[in-house]
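Everything below concerns the one structure shown next.
No value in this document is a laboratory result; all are computed from the given coordinates. Here the structure is a predicted model, which is why all the values come from computation and not from measurement. Cβ: placed from backbone, ideal geometry, glycine included. Neighbour counts: every protein chain shown.
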Amino acid sequence: MGTASPLDEMALRLRDLLAGAANAGQDARAPEPLRVIQAAAGNTIAMIPVDEVIYFEAADKYVRVVTAEREHLIRLSLRDLREQLDPARFWQIHRGTIVRADAVAMAVRDDTGKLSVTLRGQSDRLVVSRLYADRFKPM
């Protein structure tokens, strides 16, 4: 049998490189979404299950973590926190607000066209910015 041509050798090397890149992509799995948030309060660290969080709101250099029972402050940017949350369960609705999707009872548009959401079991009403309003289109 004859030897492979330079073109065949190059095609073989390219195929090996592509196969290696595909395998590397499979090995680099996305980190698992955050399950518990640790919020310090004095000498105590509260362990807050993410499932109990109703919404997160940026507050200066902190993020307010709002649950049905109380609020906590964590020293983490909203952007860093958002990267650790499951995007199917937590929706950003404003530059400074992320809400748990199943905690939203309804979205209401006022007379001026501004959208806000009301939350199940909460009196809080959260403003939705125009950038994120497409989340609340009827099916």
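Tabulated data for the structure shown
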| read-out | value |
| --- | --- |
| Ranked by how many other beta carbons lie within 10 Å on average, peptides 130-136, 89-95 from highest | 89-95, 130-136 |
| Cβ-defined net charge surrounding His72, 13 Å radius [Lys, Arg +1; Asp, Glu -1] | -1 |
| Extension gain from Arg82 to Met47, taking 0.36 nm per residue of separation minus the Cα-Cα distance | 10.8 nm |
| Karplus 3J(HN,Hα) series, Hz, for the range 87-97 with 6.51 cos²θ - 1.76 cosθ + 1.60 (x for Gly, Pro) | x, 6, 9, 10, 10, 7, 10, 7, 3, x, 9 |
| Given charges at Cβ of Lys, Arg, Asp, Glu: the range 36-136 dipole, positive-most of Val53, Val99, Ala41 | Val99 |
| √(5λ) per eigenvalue of the Cα gyration tensor, the chain, largest first, Å | 45, 22, 12 |
| Cα long-axis angle, helix 6-27 against the chain (0 to 90 degrees, to the nearest 10) | 30 |
| Sequence ranges 105-113, 80-88, ranked by mean other-Cβ count within 10 angstrom, highest first | 80-88, 105-113 |
| Stretch gain in nm, segment Glu71-Arg109, where the contour uses 0.36 nm per residue and the Cα spacing is subtracted | 11.0 nm |
